[in-house]
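Asks: Sharing a structure with you now.
Values quoted throughout were computed directly from the atomic coordinates according to the rules given, and no laboratory measurement underlies them. Remember, it's a predicted structure, so these values are computed and weren't measured experimentally. A quick note on method: Cβ atoms are made from the backbone with ideal geometry, for glycine too, and the neighbour counts reach across all protein chains shown.
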Amino acid sequence: MLLEYPADLHIHTCLSPCASDEMIPVNILNMAALIGTKILGICDHNSAGNIEAMLKAARDYDILVIPGIEVQSAEEVHLVCLFETINQLLQFQEFIYDALPPIKNNPQFFGHQWLVDDRGNLLGEETRMLLTSASLTVDEVAQKVHELQGLIIPAHVDRRHFSIIGQLGFIPENLKIDAVEFSRAISLAEFKSTFKSLTNNPLITSSDAHSLQEMVYQKTYFLLEELNFKEIILALRGLEGRKVLIKE
């Protein structure tokens, strides 16, 4: 039997310097449980440093945590990259780390990049600057994601900055993407009216939460038989009755 699962595929932890310190694994999962979200995509900027803690914490919840990274490409395009396994993600993280400039983060200016355990205890701080562009094009990022059997979704395409439309003005025809994400700043009707050329793609909308309060935004639902990554792929492709639904 197919069931609807509320999903938010774009959430940051306290590793992202622009995120609140409250965004630790147990808090994120408790908030998701409170509002009924069943699928969480964890996507910190250019890093997966807190994913293992999130996965460990999620063992105590009936919530699917999808390992991910929000990559900033050489064109300053933000891309949500999601994977089925931690091993796939860690391979991807090394690929991204090798392409980041050797610049240290300035916590006083950009914010702290906290590494934590599953309960939120401080383990350390990522010193490399994460709020920057990797020396990889959008196409190079996409190729690597699909090589590792992941999903790539251009993030918040309706925004003027750090979106594929804002930076490039279009989505290249040869770019293989799995969906398009629009932000909580625009409704589905507004998006379809404004970005008609993108509506042939599978659509999702996410909170892009940097604080617990922002997680309350919930409009994307997956119609699935089981709660797992393979079912999400089927839904994004509209196969075997699986679907992605956006409810206003």
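Asks: Which percent, to the nearest 5, of DSSP beta bridges fully inside the chain are antiparallel?
Replies: Given both bridge residues lie in the chain, the antiparallel proportion sits at roughly 60 percent.
Asks: Compute the normalised compactness of the chain: alpha-carbon radius of gyration over 2.2 N^0.38 Å, N being the residue count.
Replies: 0.94
Asks: Just report the Cα centroid separation between segment 1-35 and segment 133-169, whole Å.
Replies: For segment 1-35 versus segment 133-169, the Cα centre distance is 22 Å.
Asks: What net charge do the residues around ASP8 carry, taking every other residue with its C-beta under 15 Å from that of ASP8, with Lys and Arg at +1 and Asp and Glu at -1?
Replies: -2
Asks: Tell me which residues come under 5 Å, amide H to amide H, from LYS243 once H is placed; ignore anything under 5 positions away on its chain.
Replies: Those lying under 5 Å, H to H, from LYS243 are LEU223.
Asks: Please go through the residue pairs LYS176/LYS247; LYS176/LYS243; LYS38/LYS243 and name each one whose alpha carbons sit more than 21 Å apart in this structure.
Replies: On the way: LYS176/LYS247 26 Å; LYS176/LYS243 19 Å; LYS38/LYS243 16 Å.
In this structure, LYS176/LYS247 exceed 21 Å between Cα atoms.
Asks: Identify which of ASN106, ASN50, ASN27 has the largest mean-square fluctuation in a Gaussian network model of the chain, with springs joining Cα atoms closer than 10 Å.
Replies: Taking springs between Cα atoms under 10 Å, the residue moving most is ASN106.
Asks: Work out from phi, with θ = phi - 60° and the Karplus expression 6.51 cos²θ - 1.76 cosθ + 1.60, the ³J(HN,Hα) of each residue of segment 119-133, listed in order in whole Hz, and give x for Gly and Pro.
Replies: Result, ordered by residue: 8, x, 5, 6, 9, x, 9, 6, 8, 5, 6, 9, 7, 7, 8 Hz.
Asks: Long-range amide H contacts for ARG128: which residues qualify at under 5 Å (H placed 1.01 Å from N, peptide plane, sequence gap of 5 or more or a different chain)?
Replies: ASN105
Asks: Rank-order 83-94, 236-247 by packing density, defined as the average count of other C-beta atoms within 10 Å over each peptide's residues, highest first.
Replies: 83-94, 236-247
Asks: Also, I was wondering about something else. Would you grab the residues whose amide H sits under 5 Å from the one on MET23? Only those 5+ places off in sequence or on another chain, please, with H modelled 1.01 Å from N.
Replies: Result for MET23 returns CYS14.
Asks: Please work out whether segment 26-148 counts as rounded, prolate or oblate from its C-alpha gyration tensor, where a ≥ b ≥ c are the square roots of the eigenvalues and a/c under 1.5 means rounded, while otherwise a/b larger than b/c means prolate and anything else oblate? Kindly include the intermediate steps, with their values, before the conclusion.
Replies: On the way: a/c = 2.06, a/b = 1.33, b/c = 1.55.
Oblate, because a/c is 1.5 or more while a/b does not exceed b/c.
Asks: If you plug each phi of segment 229-238 into the Karplus form 6.51 cos²θ - 1.76 cosθ + 1.60 with θ = phi - 60°, what whole-Hz ³J(HN,Hα) values come out, in order, with x for Gly and Pro?
Replies: Couplings: 5, 4, 5, 5, 4, 4, 5, 5, 8, x Hz.
Asks: Right, something else. With θ set to phi - 60°, apply the Karplus curve 6.51 cos²θ - 1.76 cosθ + 1.60 along segment 12-28 and write out the HN-Hα couplings as whole Hz, x wherever there is a Gly or Pro.
Replies: Result, rounded to whole Hz: 9, 9, 5, 6, 5, x, 8, 9, 5, 4, 6, 7, 9, x, 5, 5, 4.
Asks: Right, another one. Which of ASP60, ASP208, ASP118 moves most in a GNM of the chain, Cα contacts under 10 Å?
Replies: ASP60
Asks: Net charge near ILE96: determine it from the other residues with C-beta under 12 Å of the C-beta of ILE96, scoring Lys and Arg +1 and Asp and Glu -1.
Replies: Computed value for this residue: -3.
Asks: What is the local net charge at SER183, summed over the other residues whose Cβ is closer than 14 Å to its Cβ (Lys, Arg +1; Asp, Glu -1)?
Replies: After counting each charged neighbour, the total is -3.
Asks: Only Cα pairs under 8 Å and at least 6 apart count here; give the relative contact order of the chain as a rounded whole percent.
Replies: Working: 559 pairs, mean separation 56.8, N = 248.
Over the chain, the number comes to 23 percent.
Asks: Continuing with this model, one more query. What is the spin-label model distance, in nm, from ASP98 to THR85 if the labels are put 7 Å beyond Cα along the C-beta direction?
Replies: Label-label distance for ASP98 and THR85, simple model: 2.0 nm.
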